[in-house]
Amino acid sequence: MCHQNIQDHLNELNTHLSGRPISPAFAERFRFLWDSLDSGVDFSGRSVGAPYYVTDMGVRLFDDPRLFYDAHLKLANTEAIPRSALKDFIHKSKLDILKHRIDAAILFFGDYETVIDAIRERSSEILGSGDYELLIYCGVVTGACGDVKAIEFFDEAECVAHNPTNAYAAAHRSAAFEIKKLSASNKALQRLNIAGERYVCSNNFRQILDQALMYNLMALGYLKLGDPRSVEFMVKACECLESSSVCREDFDLDTWSMAGRYRSQIAINQAQLRVASSKPLDALKILKDNIRFIYEESYEYFPEALAEYCYVMYLNEEYDAVLDIGPDAFWRFQQIGSLSAMKSVREIMAACHFKLGSEGKAERVVEVFERDPLGLEGIYGLI
């Protein structure tokens, strides 16, 4: 059976980690991979501790799942799953559960390259599947590693999409790939304009959300070209989500939370533009307002908003304030297994200690995060 090696590996990990301190997010990720071994399992419902890396709108490659897995291998004093076993797990999966196994494999192992190897060997079958989610997952995974095959997957997903929002989301990912991986901003902007005309209008909330995403990505495209219109489109994106036509009562909880997360990301992008323009005070105001909003409307993404606020406070030389707020952001990230974000917060705090003349504390923070990426010892280590 193609999943027997995965099952044996999970059993070994579980045995060796028994009684040891582990990340609070490990159990959920473990369960999701275990459940993917069973084709009859319902895969809906998971927390921010088990992110959907394979649906990323920015087509980013995330180091966190691999680092998370490696850190638990070290705690368990055991070897990684052989690449051949992981490839077989994907390659020999039935088509109707392939998307769940790709999702679970990236979430738990973070081995994009091995998953891509299996996807490449089944690309014709996948492209002919008519399965929108499978096509998106394969596009994101291949695109994250810079493989131009991603465009084929996204184009096909756009063709088989059952509604304008899904069709736009596929085109959006193609454009994000072109901007970020191919440095082809002009081509991406043309694609976004066409997608906007075909799929996006402002007569209901979901399409307003699509419009905000489109303007936000167009702002990035213009920024990459050095075009000052980037600021104009960033403002447009923000105005979409602040429109009086956007009412919480019109949405289900998940969609409203997603809208809140997008609004937060747009606010963060606005703040980064202000920082780049040497206007840190303006950036701080944007981020402070964003913290209040995300706390009330999309609480699961509060750590991200808090951490960005800490970073801009550091740039504004508010070192004591960072040391007050930073631990809150750190512990929230630690609970969801967000290793890169934890590391960033620790680095900012170490830099603040150094700026304040506390070199010993700065060195201690650095020593702890180098040996404890999971944050099990806290910021300053065990007493």
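So in the stretch 342-374, with the set limited to residues that are surrounded by fewer than 18 Cβ atoms within 10 Å (Cβ to Cβ) and under 18 Å from ASN316 (Cβ atoms), which one is nearest to the chain's Cα centre (by Cα)?
Here the answer is GLU347.
Please go through the stretch 80-117 and give me each residue that is crowded, with 24+ Cβ neighbours inside 10 Å and of a type in the set (Lys, Arg), ordered by number.
Across the stretch 80-117, the qualifying residue is only ARG101.
Identify all residues within the stretch 289-320 that are closer than 19 Å to ALA276 by Cα and assigned to a helix (DSSP H, G or I); write none if there are none. Before you say what the answer is, go through the steps one by one.
Going residue by residue through the stretch 289-320, those that are closer than 19 Å to ALA276 by Cα are 290, 305, 307-318.
Selection gives ASN290, ALA305, ALA307, GLU308, TYR309, CYS310, TYR311, VAL312, MET313, TYR314, LEU315.
For the stretch 48-59, give me each residue that is more than 24 Å from GLY375 (Cβ to Cβ) and part of a helix (DSSP H, G or I). Give the derivation first.
Narrowing the stretch 48-59 to residues more than 24 Å from GLY375 (Cβ to Cβ): 54-55, 57-59.
Correct list: VAL54, THR55.
So, in the stretch 60-79, how many residues would count as being part of a loop (DSSP other than H, G, I, E, B) and either surrounded by fewer than 16 Cβ atoms within 10 Å (Cβ to Cβ) or at pLDDT below 95 (or both)? Steps first, answer last, please.
Initial filter on the stretch 60-79 (part of a loop (DSSP other than H, G, I, E, B)): 60-63, 77-79.
From what's left, either surrounded by fewer than 16 Cβ atoms within 10 Å (Cβ to Cβ) or at pLDDT below 95 (or both): 60, 63, 77-79.
Matching residues across the stretch 60-79 total 5.
Restricting the stretch 93-114 to residues that are β-branched (Val, Ile, Thr) and at pLDDT 95 or above, which is farthest from ASP70 (Cα to Cα)? Break it down stepwise before answering.
First pass over the stretch 93-114, keeping only residues β-branched (Val, Ile, Thr): 97, 102, 106, 114.
Then drop every residue that is not at pLDDT 95 or above, which leaves 102, 106, 114.
Numbers: ILE102: 19, ILE106: 13, THR114: 16 Å.
Here the answer is ILE102.
Does any residue of the stretch 180-199 turn out to be out of contact with any Ser or Thr (no Cβ under 8 Å at 6 or more places or on another chain), of a type in the set (Ser, Thr, Tyr), closer than 25 Å to ASN163 by Cβ and assigned to a helix (DSSP H, G or I)?
no
I'd like to check something: does the stretch 50-59 contain any residue that is in contact with a Gly (Cβ under 6 Å, 6 or more places away or on another chain) and crowded, with 19+ Cβ neighbours inside 10 Å?
yes
Exactly one condition in (1) of a type in the set (A, V, I, L, M, F, W, C); (2) surrounded by 21 or more Cβ atoms within 10 Å (Cβ to Cβ); (3) touching a Gly at 6+ places or on another chain (Cβ under 8 Å) is false for VAL160; which is it?
Of (1) of a type in the set (A, V, I, L, M, F, W, C); (2) surrounded by 21 or more Cβ atoms within 10 Å (Cβ to Cβ); (3) touching a Gly at 6+ places or on another chain (Cβ under 8 Å), only one is false for VAL160: (2).
It is to be established whether one or more residues within the stretch 256-267 are crowded, with 16+ Cβ neighbours inside 10 Å, among the β-branched types (Val, Ile, Thr) and at pLDDT below 85.
Within the stretch 256-267 (the criterion being crowded, with 16+ Cβ neighbours inside 10 Å, among the β-branched types (Val, Ile, Thr) and at pLDDT below 85), the answer is yes, since at least one residue qualifies.
Residues being small (Gly, Ala, Ser) and farther than 19 Å from ILE208 by Cα: count how many of those fall in the stretch 259-310. Step through it out loud before you land on a result.
In the first step, residues of the stretch 259-310 are kept if they are small (Gly, Ala, Ser); the result is 259-260, 264, 267, 271, 276-278, 283, 298, 305, 307.
Remaining after also requiring farther than 19 Å from ILE208 by Cα: 271, 276-278, 283, 305, 307.
Residues in the stretch 259-310 being small (Gly, Ala, Ser) and farther than 19 Å from ILE208 by Cα: 7 in total.
The values are calculated or read from the model by the stated rules, or taken from the named source; none is laboratory data. Treat the numbers as computed from the prediction; the structure is a model and nothing was measured. All Cβ positions, glycine included, derive from the backbone under ideal geometry; neighbour counts span all protein chains shown.
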